[in-house]
Amino acid sequence: MFKKIIKGSRKHSKSDSTDASSRPPRSGNTGLDLNPNLVVNHASRPGQGAPTSTNSSSPVVPPPMSAVEPLPLLRDTPVSERQNLFMRKLQICCFLFDFTDVLKSAREKEIKRQTLLELVDYIQSGSGKITEICQEEMIKMVGINIFRSLPPASHENTGQGASDPEEEEPYLDPTWPHLQIVYELLLRYVVSSDTDTKVAKKYIDHSFILKLLDLFDSEDPREREFLKTILHRIYGKFMVHRPFIRKAINNIFYRFIYETERHSGTGELLEILGSIINGFALPMKEEHKLFLVRALIPLHKPKPIAMYHQQLSYCIIQFVEKDYKLADTVIRGLLKYWPLTNCQKEVLFLGELEEVLEATQSAEFQRCMVPLFRQIARCLNSLHFQETAAICGIHLFSHF
């Protein structure tokens, strides 16, 4: 009898373990607040008494999907199954569609759009922290959607010479209905308090950042606006990436100044830098001063400066206000790249010079006043816009 009891208990334990490992799909109550203690913050380490998750809740990368089909909503799925469902939804979002034909694959496009919106809501609501493998797959999905060859610029398409960028109609990417939500998902992931940088930096790495920076040359202003916000957030959250991001932006500027003289995202990159410069600690590092001399001041050289001059001027003023000794360097830099025949560009230079002089100390002004006054005199004698130059000259002189 004793042997039968022992044998019976072994059978029960075996069946219990089989049921736990098979993890059959469940239905019924959603249970959003089922057991919040099962999730451990990525930044923390489980203590001795902390509850640990079982192997049955660990998500596994599902096999590739052959078609786009609607899946159950995450909020209607038991907590233990959400991570696996999250992975399947990521697979749906990896399908790319042709948006040149609005009617083509309309049903599949809508399924993907709704799935992306659900993922954004899931990340933003913080209803469930996603595991590391889910984060890896999500960043892969983001890359599949946003990292692509940008269409050629309009002047490259027609074979004509480059026209004034201000006069061109902005290009609007037809894939934006999906692209916008993918960018929103990436932004929500980066800014989420649940995102642990120690984990996220494995996937938002140098290669990812370089590809992100390449997209700043997109002619779609909506895309550049999202990129600006995302890169700024990455710079703020991932301290380990800050020097690399500054150097990469430097290289973009060098290529723009000395090779192409055409880049759609110069203004957005300068806008990010304006915020970065504002946070520079004092005394200012030598590398930051070199950035001013080698990148920012030479940005006054390219012809399309009007497209980004406001942001450039802000960056320059930030440097002078932080370290007044840089005023001489900035003024001499402006004089070096002073336009000879471009009246509109000359007006921009005069306006910027006025702002620089407002932040300039007398000692620094005396070092550069001779070449400065010579240039002002040439402006006053200019036949192109003598009246405007005279007004600007009066404003300049009023500071001293």
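The values are calculated or read from the model by the stated rules, or taken from the named source; none is laboratory data. Please read these numbers as outputs of a predicted model, since none were measured by experiment. Using ideal geometry, Cβ is built from the backbone for each residue, glycine included, and neighbour counts are taken over all protein chains shown. Protein only, heavy atoms only, side chains kept; ligands, DNA and RNA dropped before computing areas. Shrake-Rupley method; radii C 1.70, N 1.55, O 1.52, S 1.80 Å.
Structural remarks
- For the range 115-269, the Kirkwood hydrodynamic radius from C-alpha pairs, put into Stokes-Einstein at 25 °C and a viscosity of 0.890 mPa s, yields a diffusion coefficient of 147 µm² per second.
- Geometric descriptor of the range 80-161, per residue, is 116 Å³ (volume of the convex hull of the Cα atoms).
- Asp217, Asp323, reordered so the largest accessible area comes first (probe 1.4 Å): Asp217, Asp323
- Rounded if a/c under 1.5, otherwise prolate or oblate - the range 204-323, Cα gyration tensor axes: oblate
- Loop-resident trypsin sites (Lys or Arg not before Pro) (DSSP state other than H, G, I, E or B) in the range 240-328 with no more than 14 further Cβ atoms inside 10 Å of their Cβ: Lys285.
- Computed from Cα atoms alone, the Kirkwood hydrodynamic radius reported for the range 61-107 is 12.2 Å.
- Sorted largest first by accessible area at a 1.4 angstrom probe radius, with every protein chain in place, the residues Thr197, Thr360 fall in the order Thr197, Thr360.
- Distance from the range 101-158 to the range 173-243 (C-alpha centre basis), Å: 13
- For the range 174-307: accessible area per residue (Å², 1.4 Å): 43
- Listed cross-link partners Lys109/Lys201; Lys237/Lys345; Lys228/Lys301 are compared with a 29 Å cut-off, the Cα-Cα value being larger for Lys109/Lys201; Lys237/Lys345.
- For the range 212-255, a/c is not less than 1.5, where a ≥ b ≥ c are the root eigenvalues of the C-alpha gyration tensor, and a/b does not top b/c. That puts it in the oblate class.
- Heavy-atom accessible area order for Tyr258, Tyr122, largest first, 1.4 Å probe: Tyr258, Tyr122
- Accessible area (Å², 1.4 Å probe, nearest 10) - Asp205: 50
- Rolled with a 1.4 Å probe across the full set of protein chains, the surface gives Met141 an accessible area near 0 Å².
- From the largest down, the range 341-385 spans 33, 18, 11 angstrom on the principal axes of its Cα atoms.
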